[in-house]
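Handing you this structure, nothing more for now.
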Amino acid sequence: MKNIGIIGAGRIGSALGKILSGAGNNVKKYDSDPSKSTDDISAVADSADFLFLCVPSWGFREAVESVKPNLDPKTIAVSLTKGIEETSFKTSDALLEEILPKNQAYLILGGPLIAENIAKDEIGIGVAASKKKQNFESLAELFKGTNIFLEYSPNPASVALAGVLKNIYATLIGIAEGIGVNGNFSGYLISKSIQEMVKISLALCGEKETALGTAGVGDLIATSFSENSKNRSSGIEIAKSNSIPKSEGIVSLPLINKKLGKDAKDFKLLSALTDIIENKKDPKQTILSLVS
């Protein structure tokens with residue numbers, strides 16, 4: 001039995017809590033929403049063997065700084081955040097490097113892990129990234145016998161970026177679905193999304209394998225077509241109402257554009273999504289212009 005701390009008792013935090021508790025572990029959860037919390041944040045972090053950070057990007061820094069004073073040196077932090085900090089343009093791996101005590105072990109957990117599905121004992125495939133493989137091995141042992149299976153990656157920055165990009169492009173595919181264009185067109189958008197994800201990964205991380213793997217393409221497909229996907233539903237909402245909801249893909253879009261700088265204009269789909277969300281262009285006309 002392991003002591004598990006979960007910061008953020010939303011969909012994915014609750015799903016993980018259910019799975020790990022069912023596997024016989026001692027699980028404590030904290031959420032900034034008092035109605036979701038079961039424990040004090042210090043109690044959740046204190047003595048945890050694994051501390052899962054299941055908070056959105058806009059609350060990630062605060063969450064990590066809040067638990068830092070109570071972290072045991074042996075605790076392994078696991079981030080499921082798939083976004084970018086607005087002020088620093090940093091992904092979760094870079095923020096953990098900045099904030100956590102030196103030598104504190106951490107992993108970035110990406111891949112297709114739709115909360116509602118894994119909570120119903122459906123299979124989830126995670127990509128756990130750490131520069132030290134023993135951290136992955138410890139996490140894989142924790143999930144042994146559950147419905148979550150893990151792949152190893154030695155590239156935390158690439159896995160974190162893949163999570164950001166798949167949310168952005170899943171939002172665009174959601175918009176296409178919302179305007180009634182899917183099927184063949186969705187296949188086209190997926191293929192072009194993969195191409196752009198690979199090019200952005202090369203530009204920002206220097207490698208493309210992660211974007212083409214489970215953390216990239218695998219998660220993109222799951223997020224784009226799952227009825228439980230927040231980014232997909234955000235795209236549908238944009239298409240149907242012209243309102244702009246808050247989701248990781250939408251929040252991350254301008255930040256990716258800024259990280260790419262002048263090269264952002266070279267990405268056709270990224271530019272189309274920017275036109276819809278930031279420049280308020282008509283979603284249907286903008287999506288259809290991609291093949292005109």
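Tell me whether the range 258-281 contains one or more residues that are within 26 Å of Ile12 (Cα to Cα) and either assigned to a loop (DSSP other than H, G, I, E, B) or of a type in the set (A, V, I, L, M) (or both).
no
Looking only at the range 80-115, count how many residues are closer than 18 Å to Gly13 by Cβ and among the β-branched types (Val, Ile, Thr).
Selection size over the range 80-115: 3.
Determine whether the range 69-76 contains at least one residue that is touching a residue at least 12 places away in the same chain (Cβ under 8 Å) and under 26 Å from Glu227 (Cα atoms).
No, the conditions are met nowhere in the range 69-76.
If you don't mind, there's one more thing I want to ask. Working only within the range 170-196, note down all residues that are within 20 Å of Ile125 (Cα to Cα) and crowded, with 24+ Cβ neighbours inside 10 Å.
The answer is Ala170, and nothing else.
Report, by residue number, each residue of the range 112-148 that is among the charged types (D, E, K, R), farther than 17 Å from Ala23 by Cα and in contact (Cβ under 8 Å) with a residue 24 or more places away in the chain.
Glu116, Lys131, Lys132
Restricting to the range 231-260, give me the number of residues that are buried (at least 24 other Cβ atoms within 10 Å of the Cβ) and at pLDDT below 95.
Number of matching residues: 0.
OK, next. Considering only the range 84-93, state which residues are in a loop (DSSP other than H, G, I, E, B) and either of a type in the set (Phe, Trp, Tyr) or surrounded by 23 or more Cβ atoms within 10 Å (Cβ to Cβ) (or both).
Across the range 84-93, the qualifying residue is only Phe89.
The values are calculated or read from the model by the stated rules, or taken from the named source; none is laboratory data. All values reported here derive from a predicted model rather than from experimental measurement. A quick note on method: Cβ atoms are made from the backbone with ideal geometry, for glycine too, and the neighbour counts reach across all protein chains shown.
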